[in-house]
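Visitor: Quick one: the structure is below, questions incoming.
The values are calculated or read from the model by the stated rules, or taken from the named source; none is laboratory data. Everything numeric here is computed off the predicted structure, so don't read it as measured data. Quick reminder, even Gly has a Cβ in these numbers, built from the backbone with ideal geometry, and neighbours come from all protein chains shown.
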Amino acid sequence: MRAGAAYTLLYIGDSSAVPALIKAMKDEPYVRSTVAYCLGRFQDKRAVPSLIKAMKDDDEDVRRHAVCALGSIGDKSAIPVFIDTFFNDKNESVRGYSLMFLGQIGDESAVPTLMKILKIEKGKWRSSAISALVELEAKEVIPELIKDLKDENKNVRSRAAFNLCYEIIGKSALPALIKALEDKFPLVRNNAAEALIKIGDKSALPALIKALKDNNSRVRMYAAKALGNIGDRSAIKSLQVLFTKEEEYYSRISIAESLIKLDSPDKQDKMLLILNALVNGDKYLRRQAARVIGNIRDKTYVSRLLRALNDENRDIREEVAIALGKIGDKAAIKPLQKLFEKEDYIWIKILISEALIKLNAPYKKEKLDYIVKQLKCKFRNERMLAVLASGRILEKSVLPNLRYVAENDKDSSIRKKAKKVIAKLEKKYPELKQPQTKPQTQPKKK
């Protein structure tokens, strides 16, 4: 009954119930376990001391729910507890969650411990430590990932190549990734090619051209994308040969995109393929075509995108709004505003707002206010999207609200991303930089 009452309080969602739930952490094991779970869902920092204490509970279920609750709340005071738990708890599930949340909370103070775990552990614990370090974007992990690209286990190699796709990679991984394009396991080659898209270094050119002949379509597609990003026109002939042989339609569009970026003599023919996909393709092809047109950023095709703004599929409308914002043609302002007024989905309205801000529309302030409003949306994904949009538009007026989100959002990954956006804003506007000595209070409404 008492455990059921805890679930009822969680369902009601009133945070005034948190003190009563904290008090119930002294009840019998099943109740303590249930309450710990509920406190994690409330994500209220008042529960942190009692949850930390519960990490020493004799009952494994209580400890497991307590560690998950602390990870969900994301308070940095739990970091020493996670470290102690990993090294000393006897339950593997509890240890695993502790290791995972060391990365997710996003505090660099965990890096030395994670590097130590990486050095002394093998198997799943070493893999989990690497994932946490990648989550923290710790450059210290790069040599270990390069080392893992040579591991005899194909899954270790694949994970290493996948993790090198993150922002922390840098050119130090380039030789190992080029070599990984010849790996026997397709997923390793696939992940290596994807990482090379982001690096965009000309020294990878010969290996990527060779990878265009790979027997795996995704490897060929990523190699073609990487060549388009590198921008060396010597790849045109090889891409044209691949285009004539390629049977996979999605790959053909990616190859066409690269040829257009490289200013291939047949780029108009390739553009017709993409425009046809935008109109006549299935929902996945239409979305891919809209994305490609946005990447090309040619105003010639804005009228085609405007027609697609009314697509029945919400994912295509989303992609078209992003593309129009990238291209920057003011002819899109009125159609985007019209779509904003009738659109039902919050995340699409956020992306439309972002596009209109980039276009310096007359409704710019109104759309900035909308994005700021969504920073406090009850839905986690919409809050994250509002933070990401703030990072792309980099308008100084969003800074006070971002500072509040960085300290007070219930989701640790949103707080972490908000801090990154704040750093970008402060770099752009040095006069706005200020020391953070205490948690921000809720900005007052004007």
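Visitor: Which one of 140, 152 is assigned to a loop (DSSP other than H, G, I, E, B) and surrounded by fewer than 21 Cβ atoms within 10 Å (Cβ to Cβ)?
Guide: Being assigned to a loop (DSSP other than H, G, I, E, B) and surrounded by fewer than 21 Cβ atoms within 10 Å (Cβ to Cβ) holds for just one of 140, 152, which is 152.
Visitor: Within the stretch 373-390, can you find the residues that are surrounded by fewer than 20 Cβ atoms within 10 Å (Cβ to Cβ) and either within 18 Å of residue 407 (Cβ to Cβ) or basic (Lys, Arg) (or both)?
Guide: Once the filter is applied, which keeps residues that are surrounded by fewer than 20 Cβ atoms within 10 Å (Cβ to Cβ) and either within 18 Å of residue 407 (Cβ to Cβ) or basic (Lys, Arg) (or both), the stretch 373-390 yields 373, 376, 377, 378, 380.
Visitor: Can you tell me which of (1) farther than 18 Å from residue 86 by Cβ; (2) touching a residue at least 12 places away in the same chain (Cβ under 8 Å) is the one residue 102 doesn't meet?
Guide: Among (1) farther than 18 Å from residue 86 by Cβ; (2) touching a residue at least 12 places away in the same chain (Cβ under 8 Å), residue 102 violates only (1).
Visitor: Could you say whether any residue in the stretch 327-344 is of a type outside the set (D, E, K, R) and under 28 Å from residue 232 (Cβ atoms)?
Guide: Yes - at least one qualifying residue is present in the stretch 327-344.
Visitor: Separate question: Have a look at 362, 400 and point out the one that is in contact with a Pro (Cβ under 8 Å, 6 or more places away or on another chain) and either closer than 24 Å to residue 431 by Cα or not in a helix (DSSP H, G or I) (or both).
Guide: When all the criteria are applied, what remains is 400.
Visitor: Something else about it: Criterion first (farther than 27 Å from residue 145 by Cα and without any contact (Cβ under 8 Å) to a residue 40 or more places away in the chain) does residue 64 satisfy it?
Guide: For residue 64, the condition - farther than 27 Å from residue 145 by Cα and without any contact (Cβ under 8 Å) to a residue 40 or more places away in the chain - is met.
Visitor: Under 8 Å between Cβ atoms, at least 6 apart or on separate chains: pull out the pairs that start in the stretch 129-158 with a residue that is free of Cβ contacts under 8 Å to residues at least 40 places away in the same chain and farther than 19 Å from residue 174 by Cβ and end on any residue that is in a loop (DSSP other than H, G, I, E, B) and of a type in the set (Lys, Arg).
Guide: Cβ pairs passing all conditions: 154/184.
Visitor: Condition first: in contact with a helix residue (DSSP H, G or I) (Cβ under 7 Å, 6 or more places away or on another chain), small (Gly, Ala, Ser) and modelled with pLDDT under 85. Now tell me which residues in the stretch 1-49 satisfy that.
Guide: Selection gives 3, 6, 15, 17.
Visitor: When you go through 124, 119 one by one, which is the residue that is more than 19 Å from residue 408 (Cα to Cα), in a helix (DSSP H, G or I) and without any contact (Cβ under 8 Å) to a residue 24 or more places away in the chain?
Guide: None of the other options fit; the residue is 119.
Visitor: Something else now. Consider the stretch 62-93. How many of its residues are assigned to a helix (DSSP H, G or I) and under 19 Å from residue 47 (Cα atoms)?
Guide: Adding up the residues that qualify gives 20.
Visitor: Taking the stretch 223-282 on its own, how many of its residues are part of a loop (DSSP other than H, G, I, E, B) and farther than 29 Å from residue 174 by Cα?
Guide: Residues meeting the conditions: 5.
Visitor: Find all pairs meeting these conditions: Cβ atoms under 8 angstrom apart; at least six residues apart or on different chains; first residue within the stretch 200-227 and closer than 15 Å to residue 245 by Cα; second residue surrounded by fewer than 21 Cβ atoms within 10 Å (Cβ to Cβ) and of a type in the set (Phe, Trp, Tyr).
Guide: 221/250
Visitor: Of the residues that make up the stretch 310-330, is at least one surrounded by fewer than 18 Cβ atoms within 10 Å (Cβ to Cβ), farther than 29 Å from residue 390 by Cβ and free of Cβ contacts under 8 Å to residues at least 40 places away in the same chain?
Guide: Yes.
Visitor: Of 235, 224, 211, which residue is closer than 14 Å to residue 177 by Cα and at pLDDT 95 or above?
Guide: Testing whether each residue is closer than 14 Å to residue 177 by Cα and at pLDDT 95 or above leaves just 211.
Visitor: Filter the stretch 304-330 for residues that are in contact with a Gly (Cβ under 7 Å, 6 or more places away or on another chain) and not β-branched (Val, Ile, Thr); which is nearest to residue 274 (Cα to Cα)?
Guide: Ranking the qualifying residues of the stretch 304-330, first place goes to 323.
Visitor: Name the residues in the stretch 57-84 that are basic (Lys, Arg) and either modelled with pLDDT of 95 or more or buried (at least 21 other Cβ atoms within 10 Å of the Cβ) (or both), would you?
Guide: 63, 64, listed by residue number.
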